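Engineer: Structure incoming, see below.
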Amino acid sequence: MSAAPDRRGRRPRPGLRHLPMIVWLWLLWLLLWGSASAVVVVGGLLVAVGVVLLFPLPAVLPGAVPDPLRTAALLVHVLTDLVRSGFTVAWQVVRHGRRATFAIIEVPLRLDSDLLIAAVAEFTTMAPGSVVVEIDRRRRCLYVHALLPRGTEDDIARRRAEVQAVERRVAQAVRYRFDADEREPAPAPPDEESGDDARGRES
């Protein structure tokens, strides 16, 4: 069976069509082990390749080809965010304790792929002080419970921009290109807007 065409009608080379799954399984292996030792890195890569070769599955993201440099940039960004967020949470706990300010923030997304949206949610939840509490797939939105250091509207806008930056880096890592109709997520129906208005405010 030939590989499915990508978003521009081109067909990926046969040797590359399994790379997204291999990279995804490898990253999951590293995250689950929580270590970057040589044994874990090499072992995870061998396990990912073995699983894909022994149990072939259809491409989960047809036409996607990981960009090594941008994938590395994504991982560096995630690790940097883990350290920075950890210090922020620790300082807020020491300074404010139980009086620290949190909010549930609605974050519109441009991606239209279950796999990539799940990746954005996973990377967002990994950072201390942020938890994805809901994924609205139809509207392409994440609802993120986030720590707000100053409890201001600027904090909310900054946290929303940080999640969207992760989305952009995930898309770049697999060379995902947004279509013209993906520039804005689908609007909410009128009967659901009232329930969403409460989200994004401080809890």
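Engineer: Condition (residue is at pLDDT 85 or above and under 22 Å from the mean Cα position of the chain (by Cα)) applied to segment 56-70: is it met by at least one residue?
Structural biologist: Yes, some residue in segment 56-70 is at pLDDT 85 or above and under 22 Å from the mean Cα position of the chain (by Cα).
Engineer: Report whether or not Thr124 is modelled with pLDDT of 85 or more, buried (at least 16 other Cβ atoms within 10 Å of the Cβ), of a type in the set (S, T, N, Q) and out of contact with any Gly (no Cβ under 7 Å at 6 or more places or on another chain).
Structural biologist: yes
Engineer: Quick test for you: out of Ala73, Ala103, Ala90, pick the one residue that is touching a residue at least 60 places away in the same chain (Cβ under 8 Å), farther than 26 Å from Trp29 by Cβ and of a type in the set (A, V, I, L, M).
Structural biologist: Ala103
Engineer: Related question: When the residues of segment 127-139 are narrowed to those that are basic (Lys, Arg) and touching a residue at least 24 places away in the same chain (Cβ under 8 Å), which ends up surrounded by the fewest Cβ atoms within 10 Å (Cβ to Cβ)?
Structural biologist: Looking at residues that are basic (Lys, Arg) and touching a residue at least 24 places away in the same chain (Cβ under 8 Å), I get Arg138.
Engineer: I'd like the residue in segment 1-27 that is open to solvent by 60 Å² or more (accessible area, probe 1.4 Å) and within 17 Å of Leu115 (Cβ to Cβ) and, out of all such residues, is modelled with the highest pLDDT.
Structural biologist: In this case the residue turns out to be Trp26.
Engineer: What tally of residues in segment 140-154 results from selecting those that are more than 19 Å from Gly97 (Cβ to Cβ) and crowded, with 17+ Cβ neighbours inside 10 Å?
Structural biologist: 5
Engineer: Consider segment 87-114. How many of its residues are out of contact with any strand residue (DSSP E or B) (no Cβ under 9 Å at 6 or more places or on another chain), open to solvent by less than 60 Å² (accessible area, probe 1.4 Å) and at pLDDT 85 or above?
Structural biologist: Of the residues in segment 87-114, 3 are out of contact with any strand residue (DSSP E or B) (no Cβ under 9 Å at 6 or more places or on another chain), open to solvent by less than 60 Å² (accessible area, probe 1.4 Å) and at pLDDT 85 or above.
Engineer: Hey, another quick one. When only residues in segment 29-58 that are among the small types (Gly, Ala, Ser) and within 13 Å of Leu19 (Cα to Cα) count, which is least open to solvent (accessible area, probe 1.4 Å)?
Structural biologist: Per the stated criteria, the residue is Ala48.
The values are calculated or read from the model by the stated rules, or taken from the named source; none is laboratory data. Keep in mind that what you see is a predicted model, and the values were worked out from it rather than measured. A quick note on method: Cβ atoms are made from the backbone with ideal geometry, for glycine too, and the neighbour counts reach across all protein chains shown. Ligands, DNA and RNA are excluded from the accessible area calculation, which covers all protein heavy atoms including side chains. Shrake-Rupley method; radii C 1.70, N 1.55, O 1.52, S 1.80 Å.
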